[in-house]
């Protein structure tokens, strides 16, 4: 299997792990879903001159686009990891896991910060944990699946 394909497979598994962790947290704590991805999607669309459309469907389009951006981030980080590992061998899964999690976290929080949707400097400890834990699950699953595919 080509390293890119292994990376995409690993990124898909990592994305599933991130979603399971996130929804599990929402279930246990009874917290609502975040509207941050939808806000980022809206800002990104408007930055390139795309309107979300009529007001009745705009919020739904933004929510869907935000979710899709999450999949793009998860698959993209996995693909880049696969390409990097395919060329050099790379770090052990134990080291790769937290690095992949942090890369995915930067891939989602970076645009949100750049668009002014959030400011991580103002987050509470609970907010950091709610964001970090699913991304670490992403990294662990992505590294483990990539290693299994080798």
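Computed from the coordinates by the stated procedures, all read-outs in this text should not be read as laboratory data. Computed from a predicted model, the values in this text were never measured in an experiment. Methodologically, a virtual Cβ is constructed for each residue, glycine included, from the backbone with ideal geometry; neighbour enumeration extends over all protein chains shown.
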| query | Here are several values of Rg and Dmax of the Cα atoms in Å: [x] 16.1, 50; [y] 19.1, 67; [z] 14.7, 44. Which one was derived from the coordinates shown? | reply | [x]
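With runs of 4+ DSSP H residues as the only contributors, calculate the mean residue ellipticity of the chain at 222 nm using -39,500 (n - 2.57) per run, divided by the residue total and rounded to the nearest 500.
The helix-only estimate for the chain comes to -28000 deg cm²/dmol at 222 nm.
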| task | For the range 64-150, just say rounded, prolate or oblate: build the C-alpha gyration tensor, square-root its eigenvalues into a ≥ b ≥ c, call rounded for a/c under 1.5, and beyond that prolate if a/b exceeds b/c, oblate if not. | result | prolate
| remark: Inter-part gap, Cα centre of the range 5-49 to Cα centre of the range 86-150, in whole angstrom, is 12 Å
| field | Average Cα contact separation per residue, the range 27-150, under 8 Å, 6 or more apart, as relative contact order % | value | 29 percent
| task | Would you please classify the overall shape of the range 18-106 from the alpha carbon gyration tensor, given that a ≥ b ≥ c denote the square roots of the eigenvalues, rounded means a/c under 1.5, and beyond that prolate means a/b larger than b/c while oblate covers the rest? | result | oblate
| On full extension of the chain, what length is gained from residue 94 through residue 68, given 0.36 nm per residue of separation minus the C-alpha to C-alpha distance? | 6.5 nm
| field | Fewest-first ranking of 131, 54, using other Cβ atoms within 10 Å as the exposure measure | value | 54, 131
| field | GNM result for the chain, Cα springs below 10 Å: residue of 57, 101, 70 fluctuating most strongly | value | 57
| message | Of the candidates 72, 50, 28, which one comes out as most mobile in a Gaussian network treatment of the chain with C-alpha springs shorter than 10 Å? | response | 28
| message | Please check: in the Gaussian network model of the chain (C-alpha springs, under 10 Å), which one of 23, 138, 71 has the largest mean-square fluctuation. | response | 23
